[in-house]
1. Can you tell me which lysines have their Cα less than 26 Å from the Cα of Lys220? Leave out same-chain residues fewer than eight positions away.
2. Trp225: accessible area at probe 1.4 Å, nearest 10 Å²?
3. By a straight-distance test (C-alpha under 21 Å), which lysines pair with Lys43 as possible cross-link partners, with residues fewer than eight away in the same chain excluded?
4. Restricting attention to the range 139-237, which trypsin sites (Lys or Arg not before Pro) occupy a DSSP loop and are surrounded by at most 16 other Cβ atoms within 10 Å?
5. Step through the table entries Lys133/Lys171; Lys74/Lys171; Lys133/Lys173; Lys81/Lys151, compare each Cα-Cα distance with 24 Å, and write down the pairs that go over it.
6. Rounded, prolate or oblate, given the Cα gyration tensor of the range 127-251, with a/c below 1.5 counting as rounded?
7. Using the Cα centre as the reference, give the magnitude of the dipole from point charges on the C-beta atoms of the range 128-170 (Lys, Arg: +1; Asp, Glu: -1; all else neutral), rounded to the nearest 20 debye.
8. Relative contact order (percent) for the range 124-260, with alpha-carbon contacts under 8 angstrom and 6 or more residues of separation?
Amino acid sequence: MTYSLRIRVGEQRGGPRATVGMHRRGVGAGAIAKKKLAEAKYKERGTVLAEDQLAQMSKQLDMFKTNLEEFASKHKQEIRKNPEFRVQFQDMCATIGVDPLASGKGFWSEMLGVGDFYYELGVQIIEVCLALKHRNGGLITLEELHQQVLKGRGKFAQDVSQDDLIRAIKKLKALGTGFGIIPVGGTYLIQSVPAELNMDHTVVLQLAEKNGYVTVSDIKASLKWETERARQVLEHLLKEGLAWLDLQAPGEAHYWLPALFTDLYSQEITAEEAREALP
């Protein structure tokens, strides 16, 4: 009797416990399943929202392109003649990834003629740089290049800005013709020869901007370089024809950068000189 009672008590104790334990395991598995289902729904909903946003953005972009084309058609004369207006138009194009200079054919070239304009401007830049190479070794300031290009174009030609020059030079650079743009202080030096210029050379050019020349002592004092490093950079500039050596200067040798001083620009380059300099 006692033995049987113990069994029933054990069953009563064990049975409910086993049942409760099984019930708890069932609740945990269900919660996990519900959580995974909710995450899948959220993910699916997020994908749908992303696709809707992308479609809406694409629609807005197409509308912007259409409006931009209408704007260009309406103001094409102003874009051609006014350099400042042309810069603003280029900036608008850049915001939606449109490059009017990417091809000489297509809508932008036919509508505005900007492709041909920059290609023709690139030819003029090459002519001026070749004509001045014997003076400056292949380096010229953006201001001087702008002045010489304007002289060569004449009074009645389409006006050109420095921004136009930079855009045309970037197209020339893409062709692998040796052209490059070097930031120097508040301006730019335009490189028109395929010389290898690293960061050391660029820093020395920037240092020479103030006086048009630099010395080994200047480099050592300003840049904290060793003598050999300074000499190597200056010798490379001499070898490439980008610097002139003045051994009669007081104190120590001066390395003049002809692109950075204005005395050499007292002579004017004519269109005939530019054409004669072409190979």
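The values are calculated or read from the model by the stated rules, or taken from the named source; none is laboratory data. Treat the numbers as computed from the prediction; the structure is a model and nothing was measured. FYI the Cβ positions are ideal-geometry reconstructions off the backbone, even for glycines, and counts take in every protein chain you see. Heads up: the accessible areas ignore ligands, DNA and RNA and are worked out on the full protein's heavy atoms, side chains in. Shrake-Rupley method; radii C 1.70, N 1.55, O 1.52, S 1.80 Å.
1. Output for Lys220: Lys210, Lys239.
2. Looks like 30 Å² after rounding.
3. In chain and number order, the partners are Lys34, Lys35.
4. Here the trypsin sites (Lys or Arg not before Pro) that fit, given the DSSP loop and packing criteria, are Lys155, Lys210, Lys224.
5. From Lys133/Lys171; Lys74/Lys171; Lys133/Lys173; Lys81/Lys151, over 24 Å: Lys74/Lys171.
6. prolate
7. 200 debye
8. 26 percent
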